[in-house]
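The values are calculated or read from the model by the stated rules, or taken from the named source; none is laboratory data. Since we're looking at a predicted model, the values are computed, not measured. Here the Cβ positions follow ideal geometry from the backbone for every residue, glycine too, while neighbour counts run over all protein chains shown.
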Amino acid sequence: MSHDNEIKKRNLSNALKDCWILTQRLENCLSEKNQYNNWNKDCPDFTKTAEKLINESSDIPELNFCDMTKLKQLFLKNYCLDSEDEAKDLHNFGFGKENNPKVLCLSENVLTEEEENFLMAWLKPLKLDLYLDTYCTSLTKAQKKRTQELDDYFLQQLKLIKPDLIFSLGKGATDFLSNEDINIKEQRGKFYTFDGVVCCSTFNPSQVLQDKTLKRPVWKDLQCLAKYLKISL
């Protein structure tokens with residue numbers, strides 16, 4: 001637990017203790033017993049309760065009231081305090097058209113520069129620019145693992161961005177959107193919805209870079225994408 005949280009835990013524990021003692025004194029007065037008790041000695045230890053409350057608390061309720069600028073600021077505050085490269089952190093958070101893009105590209109993990117360039121090449125035949133026509137983000141946003149809080153960041157991004165379609169890249173992102181453990185080979189090329197937004201899945205660029213035989217099925221998925229968006233190839 002961080003130093004700030006240790007202070008919060010101590011203060012919260014003391015506040016809970018004061019509330020407990022006050023409650024006991026009030027009960028004693030109302031019962032007219034007027035019995036003396038060593039309240040401090042009898043008071044339970046609220047340390048673990050305070051720690052649990054702090055661990056479970058987050059800024060999530062605040063997310064629901066954020067515009068994109070505030071959402072980015074909150075992300076930097078909560079996840080990037082020790083970072084010296086804000087531009088990279090914001091890129092990892094998400095990049096591209098932030099207002100009603102045709103496509104939101106979603107991966108589980110942040111794409112490498114090579115994978116981004118590969119994705120850009122995929123979208124070029126559809127006359128879609130990765131930065132001007134689409135928005136690209138991930139579920140982990142360069143953190144070590146996915147968490148419920150990071151999922152909530154994505155949900156707020158989706159709410160603000162309002163894409164026409166979500167293009168899910170790989171199994172991890174597709175599992176999240178479909179809320180089940182899927183076989184990406186069976187799910188790819190099929191349309192489904194998430195929070196009212198149409199979704200379509202394909203392989204992650206990293207998979208295709210390793211296995212060139214996946215290029216053909218990805219092209220078929222892109223054709224399905226173009227057909228839905230009414231883009232002539």
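Can you name every residue in segment 218-233 that is of a type in the set (A, V, I, L, M) and under 19 Å from TYR192 (Cβ atoms)?
VAL218, LEU222, LEU225, ALA226, LEU229
The conditions are (1) farther than 28 Å from LYS212 by Cα; (2) at pLDDT below 95, and GLU98 fails exactly one of them. Which is it?
(2)
Only one residue in LEU222, LEU150, LEU177, LEU209 is touching a residue at least 60 places away in the same chain (Cβ under 8 Å), in the same structural domain as LEU123 (by TED's automatic domain parsing) and under 23 Å from the mean Cα position of the chain (by Cα), so which one is that?
When all the criteria are applied, what remains is LEU177.
For the structure I just gave you, tell me whether ASP129 is farther than 16 Å from LEU222 by Cα, of a type outside the set (A, V, I, L, M, F, W, C), surrounded by fewer than 18 Cβ atoms within 10 Å (Cβ to Cβ) and modelled with pLDDT under 95.
Considered against the rule, which asks whether it is farther than 16 Å from LEU222 by Cα, of a type outside the set (A, V, I, L, M, F, W, C), surrounded by fewer than 18 Cβ atoms within 10 Å (Cβ to Cβ) and modelled with pLDDT under 95, ASP129 comes out as no.
Which residues, taken from segment 100-113, are surrounded by fewer than 17 Cβ atoms within 10 Å (Cβ to Cβ) and touching a Pro at 6+ places or on another chain (Cβ under 8 Å)?
Across segment 100-113, the qualifying residue is only ASN100.
Give the residues of segment 82-128 that are part of a helix (DSSP H, G or I), of a type outside the set (D, E, K, R) and either within 16 Å of ALA142 (Cα to Cα) or not assigned by TED's automatic domain parsing to the domain that holds LEU177 (or both), sorted by residue number.
Matches in segment 82-128: ALA87, LEU90, HIS91, ASN92, PHE93.
Determine which single condition PHE75 fails, assuming it passes every other condition in (1) in a helix (DSSP H, G or I); (2) at pLDDT 95 or above; (3) in contact with a Phe, Trp or Tyr (Cβ under 7 Å, 6 or more places away or on another chain).
Just one mismatch for PHE75, condition (2).
Where in segment 134-229 are there strands (runs of 3 or more DSSP E), lying wholly inside it, with at least 1 residues that are buried (at least 18 other Cβ atoms within 10 Å of the Cβ)?
Hits in segment 134-229: 134-138, 165-169, 197-202.
Based on this model, can you work out whether PHE93 counts as touching a residue at least 40 places away in the same chain (Cβ under 8 Å) and under 15 Å from ASN204 (Cα atoms)?
No, not satisfied.
Yes or no: PHE46 out of contact with any strand residue (DSSP E or B) (no Cβ under 6 Å at 6 or more places or on another chain), surrounded by 12 or more Cβ atoms within 10 Å (Cβ to Cβ), modelled with pLDDT under 95 and assigned by TED's automatic domain parsing to the domain that holds ILE184?
So PHE46 fails the test.
Do we have PHE65 as in a loop (DSSP other than H, G, I, E, B) and at pLDDT 75 or above here?
The answer is yes for PHE65.
Have a look at ILE231, ILE161 and point out the one that is under 22 Å from ASP89 (Cβ atoms), in contact (Cβ under 8 Å) with a residue 60 or more places away in the chain and either out of contact with any helix residue (DSSP H, G or I) (no Cβ under 6 Å at 6 or more places or on another chain) or among the β-branched types (Val, Ile, Thr) (or both).
Answer to the selection: ILE161.
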